[in-house]
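Colleague: One structure, as structure tokens, below. Some questions next.
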Number of protein chains: 2
Amino acid sequence: MNSNLRNQDSTEDERRCGFMREAIGLSRESVGAGGGPFGAVVVRADDVVGRGQNSVTLLNDPTAHAEIIAIRRACESLGSFHLHGCELFTSCEPCPMCLGAVLWSRLDRVWYANSRADAAAIGFDDSAFYEEFSKPVDERRIPMTRLLRDEARATFEAWQHSTGKTPY
Amino acid sequence: MNSNLRNQDSTEDERRCGFMREAIGLSRESVGAGGGPFGAVVVRADDVVGRGQNSVTLLNDPTAHAEIIAIRRACESLGSFHLHGCELFTSCEPCPMCLGAVLWSRLDRVWYANSRADAAAIGFDDSAFYEEFSKPVDERRIPMTRLLRDEARATFEAWQHSTGKTPY
């Protein structure tokens, strides 16, 4: 490896660590403000386009995880429901809800610091929730039952034939 | 089974089907308004406490699924970040993001009509996304890499020792 490539690598490392430190800083600030110990930023090239802090208990909103808020703000600021070309830096591995949001928002890449095991060690359910996903529907902790499928199917057919729809 | 029990069953069936028809009605309305073909209601006893329609493309918000919106509104209306004692009726099986939200919000029960396979058949990724959850982190479609764990751990320690926190 020549010294130019080494310099590029170290610049890229500094860039990444800078954004991760911003996410970690948001998580630290959040604890001080009475929120959950999680922070996240969405980055496009060299710009932060969305920031989030876990505000579940402050907002009475179980979906107000740092990543969800950062993704929503990034989409708002870019005027798009997709985040192609963007990266997420989050102070902790995304929980299943946030991993779902990462997939739907089509982010390019995720960087994380604490893991689901670290979160479990301080009393959060991320790791236990991941286990739910590999279980068959009828063995999950929250019962899920099918109802009125035939009536619901008509809406999917209407969607298929609708000309005004925006697929995503 | 005596006739009283049969009557109770049929009243309970009618109750459930009524709420599911409201969720399906919201999904139908949503297609007409240019949104996604999904609707959901959160119910406590005999009252709808939150309604949602898929508004991803209308709001430029990839997290604006029917279930997420219904859960957020229910929490707002009940002034709580938990939905113990509530049921979710959704026109389609929750995607992984929404299943995560169901778990975090501690709903008692989920009723659904269309399945993830029905959603896949009209072009939605719910089923493919479920497969991502059973893969090891390094085999997923969106790369996830760990960074600065030691710096992030300090926030978790601060949370553990914080006296002003609201655990959830």
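Colleague: List the helices (runs of 4 or more DSSP H) that sit entirely inside region B:1-97 and contain at least 2 residues that are in contact with a strand residue (DSSP E or B) (Cβ under 8 Å, 6 or more places away or on another chain) and touching a residue at least 40 places away in the same chain (Cβ under 8 Å).
Modeller: On the way: elements: B:3-32, B:56-59, B:66-78.
Fully inside region B:1-97 and qualifying: B:3-32.
Colleague: Separate question: Given (1) surrounded by fewer than 18 Cβ atoms within 10 Å (Cβ to Cβ); (2) under 14 Å from B:P62 (Cβ atoms); (3) of a type in the set (A, V, I, L, M), identify the lone condition not met by A:L59.
Modeller: Among (1) surrounded by fewer than 18 Cβ atoms within 10 Å (Cβ to Cβ); (2) under 14 Å from B:P62 (Cβ atoms); (3) of a type in the set (A, V, I, L, M), A:L59 violates only (2).
Colleague: Quick check on my filter: what residues within region B:112-142 are surrounded by fewer than 22 Cβ atoms within 10 Å (Cβ to Cβ) and among the aromatic types (F, W, Y)?
Modeller: Once the filter is applied, which keeps residues that are surrounded by fewer than 22 Cβ atoms within 10 Å (Cβ to Cβ) and among the aromatic types (F, W, Y), region B:112-142 yields B:F129, B:Y130, B:F133.
Colleague: On to the next question. Considering A:R51, A:R73, which residue is more than 9 Å from chain B (Cβ to nearest Cβ), in contact with a helix residue (DSSP H, G or I) (Cβ under 9 Å, 6 or more places away or on another chain) and modelled with pLDDT of 95 or more?
Modeller: Details: A:R73 fails: in contact with a helix residue (DSSP H, G or I) (Cβ under 9 Å, 6 or more places away or on another chain).
Just a single option satisfies the conditions, and that option is A:R51.
Colleague: Which residue out of B:S127, B:S115 is touching a Lys or Arg at 6+ places or on another chain (Cβ under 8 Å) and farther than 30 Å from A:R109 by Cβ? Break it down stepwise before answering.
Modeller: Numbers: B:S127 fails: farther than 30 Å from A:R109 by Cβ.
Going through B:S127, B:S115 in turn, just one is touching a Lys or Arg at 6+ places or on another chain (Cβ under 8 Å) and farther than 30 Å from A:R109 by Cβ: B:S115.
Colleague: Search region B:110-165 for residues being outside any helix (DSSP H, G or I), over 21 Å from A:H84 (Cα atoms) and among the β-branched types (V, I, T), and hand back the single one that is modelled with the lowest pLDDT.
Modeller: B:T163
Colleague: I'd like the full set of residues that are touching a helix residue (DSSP H, G or I) at 6+ places or on another chain (Cβ under 6 Å) and among the small types (G, A, S), limited to region B:1-35. Steps first, answer last, please.
Modeller: Restricting attention to region B:1-35, the residues satisfying the condition of being touching a helix residue (DSSP H, G or I) at 6+ places or on another chain (Cβ under 6 Å) are B:24, B:27-28, B:31, B:35.
The answer is B:S27, B:G35.
Colleague: Select from region A:136-164 the residues that are more than 7 Å from chain B (Cβ to nearest Cβ) and within 18 Å of B:V56 (Cα to Cα) and list them in ascending order.
Modeller: Result: A:T163, single match.
Colleague: What is the one condition in (1) within 8 Å of another protein chain (Cβ to nearest Cβ); (2) farther than 19 Å from A:R15 by Cβ; (3) surrounded by fewer than 22 Cβ atoms within 10 Å (Cβ to Cβ) that A:C98 does not satisfy?
Modeller: Tallying (1) within 8 Å of another protein chain (Cβ to nearest Cβ); (2) farther than 19 Å from A:R15 by Cβ; (3) surrounded by fewer than 22 Cβ atoms within 10 Å (Cβ to Cβ), A:C98 fails exactly one: (3).
The values are calculated or read from the model by the stated rules, or taken from the named source; none is laboratory data. None of the values given here were measured: they were computed from a predicted structure. A quick note on method: Cβ atoms are made from the backbone with ideal geometry, for glycine too, and the neighbour counts reach across all protein chains shown.
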